[in-house]
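Chemist: Mind looking over this structure? Questions follow.
The values are calculated or read from the model by the stated rules, or taken from the named source; none is laboratory data. Small disclaimer: the values here were computed from a predicted structure and weren't measured. When we count neighbours, we look across all protein chains shown, and the Cβ atoms used for this are built from the backbone with ideal geometry, even at glycine.
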Amino acid sequence: MADLPPSIGIAIEDGIAIVTLSRPEKRNALDTPTVTGLGAFFAAPPPGVRAAVLLGAGPHFCAGLDLAEVAGAQPPLAMVAHSRMWHRAFGEIEFGAVPVVAALHGAVVGGGLELAAATHVRVAEASAYYALPEAQRGLFVGGGGSVRISRLVGAHRVMDMMLTGRVLGAEEGQAAGITSYLVPSGEGRRTAVALAGKIATNAPASNYAIVQALPRIARSDPEAGLFTEALMAAVAEAAPEARERLNEFLEKRTDKVAPDRTERS
Ligand code: 1HE
């Protein structure tokens, strides 16, 4: 496993990596060692890890970029390199080896929201709130937010949040599409771990297709997308595990699809 800074805590539980932003005294503000550490971890999680959960320690998920890091004057190209470093690290999450479920609570702002947007499934606790205060700090997004957050909620909402400083509450974030699950405060970790556990039971080739192919297909022109879909489907279906799983269903040895009775929105 990559050498990680103390601001990243890792625990492995039943094939699920629990990755915790662990710098609560600075509200998990993202400094360079934390960002590169996240990239290194998700690029090569320990063998046997099939899914991950991303959490923030303390009262907030993440306060975004560590503003102390960019307070001094820096040449423009150094700032470009800084942003590109974030892009690489968050790309390792979005197109990494395992699906990642984020549990969000408290402030999820600036680069913290950019980080959340690079994960695959997002759970909000009722305490979560979302903001992009970059313009108030004289900055612009630099961690992929203009692409990923726009994709989640639409560029018009990103524009509103950035121009007016609008803060979305947990329910507004859920309605806007930032999160897929909204749970009571204190329940985020449990829900995220349960979802990651479910994800870990899927066929690895299917999870690979979902994480690697689906977002690329969704962004490509439809004809190329359909062709890629057919190729990816063939790869997933060719795995011996697919035969076993299909036969399990046909021989009535596995669960049917049934409504989810879990209480959540
Ligand atoms: C920080 C940061 C930070 C807190 N960089 N040090 N992000 C922001 O503009 C958000 C700035 N932070 C806040 O608005 C608030 O801190 C919070 C709403 C997140 C939390 O409030 P609170 O009352 O719980 O904590 P606090 O007292 O404000 O902060 C505790 C400490 O963390 C304090 O330091 P201390 O030495 O006085 O104890 C804060 O200075 C420190 N702290 N947030 C550095 N962000 C790739 S481009 C992305 C661009 C962006 O992300 S821009 C948005 C940046």
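Chemist: Counting only residues that are outside any loop (DSSP other than H, G, I, E, B), more than 21 Å from Gln74 (Cβ to Cβ) and not aliphatic (A, V, I, L, M), how many does region 123-144 have?
Modeler: 3
Chemist: State yes or no: is Arg190 without any contact (Cβ under 8 Å) to a residue 60 or more places away in the chain, within 30 Å of Tyr129 (Cα to Cα) and in a helix (DSSP H, G or I)?
Modeler: yes
Chemist: Can you tell me how many residues within region 145-173 are within 16 Å of the ligand (Cβ to nearest atom), assigned to a loop (DSSP other than H, G, I, E, B) and under 21 Å from the mean Cα position of the chain (by Cα)?
Modeler: Here the count works out to 1.
Chemist: Kindly indicate which of Gly48, Gly58 is away from the ligand (no atom under 15 Å from the Cβ) and surrounded by fewer than 24 Cβ atoms within 10 Å (Cβ to Cβ).
Modeler: Gly48
Chemist: All but one of (1) in contact (Cβ under 8 Å) with a residue 60 or more places away in the chain; (2) surrounded by 15 or more Cβ atoms within 10 Å (Cβ to Cβ); (3) touching a strand residue (DSSP E or B) at 6+ places or on another chain (Cβ under 8 Å) hold for Val211; state the number of the condition that does not hold.
Modeler: Here Val211 clears every test but (3).
Chemist: Of the residues that make up region 184-200, is at least one of a type in the set (S, T, N, Q), over 30 Å from Ala234 (Cα atoms), over 12 Å from the mean Cα position of the chain (by Cα) and buried (at least 16 other Cβ atoms within 10 Å of the Cβ)?
Modeler: Scanning region 184-200, I find at least one residue that is of a type in the set (S, T, N, Q), over 30 Å from Ala234 (Cα atoms), over 12 Å from the mean Cα position of the chain (by Cα) and buried (at least 16 other Cβ atoms within 10 Å of the Cβ), so the answer is yes.
Chemist: Scan region 215-237 and tell me whether some residue there is under 16 Å from Arg122 (Cβ atoms) and part of a helix (DSSP H, G or I).
Modeler: Yes: one or more hits.
Chemist: Residues that are of a type in the set (Asp, Glu), over 27 Å from Ala131 (Cβ atoms) and touching a helix residue (DSSP H, G or I) at 6+ places or on another chain (Cβ under 8 Å): does region 212-223 have at least one?
Modeler: Within region 212-223 (the criterion being of a type in the set (Asp, Glu), over 27 Å from Ala131 (Cβ atoms) and touching a helix residue (DSSP H, G or I) at 6+ places or on another chain (Cβ under 8 Å)), the answer is no, since none of the residues qualifies.
Chemist: Quick check on my filter: what residues within region 23-41 are near the ligand (Cβ under 7 Å from one of its atoms) and not in a helix (DSSP H, G or I)?
Modeler: Of everything in region 23-41, those that are near the ligand (Cβ under 7 Å from one of its atoms) and not in a helix (DSSP H, G or I) turn out to be Arg27, Ala29.
Chemist: What do you reckon, is Glu134 near the ligand (Cβ under 7 Å from one of its atoms) and either surrounded by 22 or more Cβ atoms within 10 Å (Cβ to Cβ) or among the hydroxyl-bearing types (Ser, Thr, Tyr) (or both)?
Modeler: The answer is no for Glu134.
Chemist: If Ala73 meets every condition in (1) within 16 Å of the ligand (Cβ to nearest atom); (2) modelled with pLDDT under 95; (3) of a type in the set (A, V, I, L, M, F, W, C) apart from one, which number is that one?
Modeler: (1)
Chemist: Among what's in region 31-84 and is out of contact with any Ser or Thr (no Cβ under 6 Å at 6 or more places or on another chain) and polar (S, T, N, Q), pick the residue that is farthest from Thr119 (Cα to Cα).
Modeler: Gln74
Chemist: Something else now. Looking at region 115-126, is at least one residue of a type in the set (A, V, I, L, M), away from the ligand (no atom under 14 Å from the Cβ), within 30 Å of Pro46 (Cα to Cα) and surrounded by 24 or more Cβ atoms within 10 Å (Cβ to Cβ)?
Modeler: yes
Chemist: How many residues are touching a strand residue (DSSP E or B) at 6+ places or on another chain (Cβ under 6 Å), of a type in the set (S, T, N, Q) and over 21 Å from Gly37 (Cβ atoms) when one looks only at region 103-141?
Modeler: Selection size over region 103-141: 0.
Chemist: Do the conditions hold for Gly225, that is, is it more than 30 Å from Val80 (Cα to Cα) and modelled with pLDDT of 95 or more?
Modeler: Taking the combined requirement at face value, the residue satisfies it.
Chemist: Search region 127-139 for residues that are closer than 13 Å to Gly111 by Cα and pair each with any residue that is assigned to a loop (DSSP other than H, G, I, E, B) and within 7 Å of the ligand (Cβ to nearest atom) when their beta-carbon atoms are under 7 Å apart and the residues are at least 6 apart or on different chains.
Modeler: Every condition considered, the pairs that remain are Leu132/Gly110; Leu132/Val141; Pro133/Gly110; Glu134/Gly110; Glu134/Val141.
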